[in-house]
Amino acid sequence: MKMIAPSILSADFSRLGEQVLEVSRAGSDFLHIDVMDGAFVPNITFGATVMKSLDKLDTAPYDVHLMIEDPDRFIMDFVTEKTEYVTVHQEACVHLNRTLSHIKSFGVKSGVALNPATSLTTLENVLDDVDMVLIMSVNPGFGGQSFIENSIAKIAKLKEMREAAGKDFLIEVDGGVTLDNTVRIAQAGADILVAGSAVFGADSPGERVMTFSKLLGRA
Ligand code: DX5
Ligand code: ZN
């Protein structure tokens, strides 16, 4: 089943609680939590305090995307009862295998994200340790950028790699996902589609989630 994960980065932060409830009730599978440190990427978003302020609400589980240097320092802060995945960037981890074990030691699932310029071959030695691979289809840092077209081939290649290795990690795609390209991205092999501006930029984010769900053959 294809899944949808709205990125709260594009939400109206003055109404964050209301908006995450709206997209959750509309059937979102995850809330995608984009954490940026102004060092690994040229932007700063929010930290664990903001995410944890949503803990008391009945929302979809968290899919945490850490776009930060040396993420081991902060993994623990992002683990709550609602955290399902914590994803780190391959490019930010000198000891990736150790970092993935660190994530799992908290009882949550581990993800590795690859920037558009990073080769899939960098995953070869961690395929046993990942529950999810996140393919960045924009250069991370900002919402609302255009989808980088060669990501489609990269997604398809990752799906082949997964089959060849006999693994079952999920493939997530993040950046520039719209109503126009979502079916192609899903067909290429994406299991989870992240959408920020395409969801929260809509007049009704809840209805937009439902439109995505229909396009993805659900609901
Ligand atoms: C980019 C973030 C994305 C972003 C997606 O650095 O990781 O999750 O919020 O936003 P859209 O869907 O607007 O490209
Ligand atoms: Zn993201």
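Bear in mind that the values in this text are calculations on the coordinates, not laboratory data. Remember, it's a predicted structure, so these values are computed and weren't measured experimentally. Positions of Cβ are generated from backbone atoms using ideal geometry, with glycine treated the same way; all protein chains shown enter the neighbour counts.
Only Cα pairs under 8 Å and at least 6 apart count here; give the relative contact order of the chain as a rounded whole percent.
23 percent
Could you tell me whether region 175-216 comes out rounded, prolate or oblate from its Cα gyration tensor? Rule is a ≥ b ≥ c as square roots of the eigenvalues, rounded for a/c under 1.5, then prolate if a/b exceeds b/c, otherwise oblate.
Prolate.
Take region 1-75, compute every pairwise Cα distance, and split them into 5 Å bins from 0; I just need the percent in each bin.
Result, from short to long distances: 3, 15, 26, 25, 15, 11, 4, 0 percent.
So if the hydrodynamic radius of region 51-139 is defined as the Kirkwood radius over C-alpha pairs, what does Stokes-Einstein give as its diffusion coefficient at 25 °C and 0.890 mPa s, in µm² per second?
D = 184 µm²/s.
Under 5 Å between amide hydrogens, which residues at least 5 positions from HIS89 or on another chain qualify, with H placed 1.01 Å from N in the peptide plane?
Result for HIS89 returns ILE68, ALA113.
With N denoting the number of residues in the chain, provide Rg(C-alpha) divided by 2.2 N^0.38 Å, to two decimal places.
Against the empirical 2.2 N^0.38 Å value, I get 0.93 for the chain.
Determine the percent antiparallel among the DSSP beta bridges restricted to the chain, to the nearest 5.
5 percent
Normalise the Cα radius of gyration of region 109-175 by 2.2 N^0.38 Å (N = residues in it) and let me know the number.
This ratio for region 109-175 stands at 1.07.
I'd like the Karplus ³J(HN,Hα) series for region 162-179: coefficients 6.51, -1.76, 1.60, θ = phi - 60°, whole numbers in Hz, and an x wherever there's a Gly or Pro.
Calculated HN-Hα couplings, in order: 5, 5, 4, 8, x, 9, 10, 4, 8, 10, 10, 10, 9, x, x, 6, 9, 4 Hz.
Quickly work out the SER204-to-GLU124 label distance, labels modelled 7 Å from Cα along the C-beta direction, and quote it in nm with one decimal.
Each label point lies 7 Å from its Cα, and together they span 5.1 nm.
Stokes-Einstein D for region 150-210 at 4 °C, 1.567 mPa s, Kirkwood Rh over Cα pairs, in µm²/s?
104 µm²/s
Express in nm, to one decimal, how much length is gained between GLU81 and ASN43 on full extension, taking 0.36 nm for each residue of separation and deducting their alpha carbon distance.
Difference between extended and current length: 10.9 nm.
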